[in-house]
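J.: Let me begin by handing over the structure; questions about it come next.
Every read-out reported here was derived from the displayed coordinates using simple, explicitly stated rules and does not represent laboratory data. These figures come from a predicted structure and were not determined experimentally.
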Amino acid sequence: MIKLSLEGFGYQVIGTASDGEMAIAEFKNFNLKPDIIIMDHRMPKKNGIEASIEILKINKEMNIIFTTGDDEIRNQAINIGVKCVILKPFSINKLLDQIELILNEK
């Protein structure tokens with residue numbers, strides 16, 4: 001759903017993953033790394049915190065937008081180095097605003 005929404009706003013989505021292990025594997029296999037990763041907290045196999053830690057070990061400059069419905073996870077996510085945390089439920093406009101902020105920092 002987010003993929004279709006983002007593509008509808010002109011962004012190119014180069015990959016999706018249904019669990020944390022797949023997210024890490026996809027990231028490792030990208031020839032050209034994405035500008036931003038949108039990572040969910042609750043996923044099977046590895047959660048978003050675990051997957052983000054591994055991705056940030058590979059590329060500490062990776063921009064990760066972390067989404068969660070658990071406000072207590074916010075500080076943990078920020079402490080591991082994600083760019084920002086968006087609490088669920090959120091609107092597509094909130095996500096788009098964060099994407100633009102990150103892209104404009106470059």
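J.: Find the eigenvalues of the gyration tensor of the Cα atoms of segment 7-77, then list the square roots of 5 times those eigenvalues as equivalent ellipsoid semi-axes, largest first, in whole angstrom.
T.: Semi-axes from the Cα gyration tensor: 19, 15, 12 Å.
J.: Skipping prolines and chain starts, which residues have an amide H placed within reach, meaning under 5 Å, of the one on residue 19, given they are 5 or more residues away or on another chain?
T.: Result for residue 19 returns nothing.
J.: Could you tell me which of the pairs 33/83; 57/88; 28/83; 60/94 are separated by over 21 angstrom between their Cα atoms in the structure shown?
T.: Too far apart for the 21 Å limit: 57/88; 60/94.
J.: Turning to a different aspect of this structure: Calculated from DSSP H runs of 4 or more alone, at -39500 (n - 2.57) each and per residue, what is the 222 nm mean residue ellipticity of the chain, nearest 500?
T.: -14000 deg cm²/dmol
J.: Using every pair of alpha-carbon atoms in segment 40-86, split the distances into 10 Å bins beginning at 0 and state the percent of pairs per bin, rounded to integers.
T.: Each 10 Å bin holds this share of Cα pairs: 30, 61, 9.
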